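Student: First the structure, which I've put down as structure tokens, then a few questions once you've had a look.
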Amino acid sequence: FKVSCDGGGVDSAYREDLLPIIIRILFGRLSARGNGTKSSKDSPAARRSYILSFLSGLDGEGKELGYFMYMMVRTFIPVDVDMCIVECGHGSKSHVEEMISHVFNTCSIQEVSSLKVQRQQGFLNLMSDVVKKFGFHVIEFVPVLMKLLLVMLEHTELQRKSASSLDESSTDLNEKDYEVGHSRVGKVRIMCFLRMAELMKQ
């Protein structure tokens, strides 16, 4: 079925309660890893494409797309925020807007540093696909996305400086581990700049 308002797949009387559930389920699939096979049909990129194509029918002017964006950035909500309280208001547009605004106002290097590099890369890959699929509908969320990119860039810069200091002071540094870590940080940095360029094109 289709989730667009004019698609007739979801009765307007049930959209408010049903779509957050659908978004949560599909977002879980977006975050899931492949099943271990080499099938291109179950690759993370293919899953993102299928799911985002389905969700592109969300109402961009209402809270539906806002709830998806909240799911996307909630990993950056500071650890001192009670997530039980956060989740209880998922059906409220004002609550979703408040939490996205909270991410914009409070996200810091501390939240980014708590995420593994793989999760950071996953977020950046998802952002690219979201911008391409949803287009101008993400305009109102550009400030929070740009803020996250800037914080992530600041974090990579600190990591690079830390790695350089460690390289100069340590005689027991594992060269292979250093190269792997340094290349991952560099990749995140490049991805951040690419996402910024994509947002500005919109």
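Student: From the set of residues in region 25-45 that are of a type in the set (A, V, I, L, M, F, W, C), modelled with pLDDT under 85 and open to solvent by less than 50 Å² (accessible area, probe 1.4 Å), which is farthest from ASP129 (Cα to Cα)? Spell out how you get there, then give the answer.
Tutor: Kept after step one, since they are of a type in the set (A, V, I, L, M, F, W, C), are these residues of region 25-45: 25-27, 30, 32, 45.
Right, trim to modelled with pLDDT under 85 and you get 30, 32, 45.
Narrowing the set further to residues that are open to solvent by less than 50 Å² (accessible area, probe 1.4 Å) leaves 30, 32.
Working: LEU30: 11, ALA32: 16 Å.
Among those that are of a type in the set (A, V, I, L, M, F, W, C), modelled with pLDDT under 85 and open to solvent by less than 50 Å² (accessible area, probe 1.4 Å), it is ALA32.
Student: Mind checking whether some residue in region 180-195 is at pLDDT below 85, more than 14 Å from the chain's Cα centre (by Cα) and either open to solvent by less than 60 Å² (accessible area, probe 1.4 Å) or among the aliphatic types (A, V, I, L, M) (or both)?
Tutor: yes
Student: Output the residues belonging to region 48-71 that are touching a helix residue (DSSP H, G or I) at 6+ places or on another chain (Cβ under 6 Å) and modelled with pLDDT under 85.
Tutor: Within region 48-71, SER56, LEU58, GLY60, LYS63, GLU64 meet the criteria.
Student: Filter region 81-128 down to residues that are within 20 Å of PRO143 (Cβ to Cβ), at pLDDT 75 or above and not in a helix (DSSP H, G or I), then give me how many there are.
Tutor: The number of residues fulfilling the criteria is 2.
Student: Please pick out the residue among SER113, SER128, SER94, SER108 that is of a type in the set (Ser, Thr, Tyr) and surrounded by 15 or more Cβ atoms within 10 Å (Cβ to Cβ).
Tutor: On the way: SER113 fails: surrounded by 15 or more Cβ atoms within 10 Å (Cβ to Cβ); SER94 fails: surrounded by 15 or more Cβ atoms within 10 Å (Cβ to Cβ); SER108 fails: surrounded by 15 or more Cβ atoms within 10 Å (Cβ to Cβ).
It is SER128.
The values are calculated or read from the model by the stated rules, or taken from the named source; none is laboratory data. The structure displayed is predicted, hence computed values, not measured ones. Backbone-built Cβ (ideal geometry, glycine too); neighbour counts: all protein chains shown. To get the accessible areas, we keep the full protein, side chains included, count just its heavy atoms, and leave off ligands, DNA and RNA. Shrake-Rupley method; radii C 1.70, N 1.55, O 1.52, S 1.80 Å.
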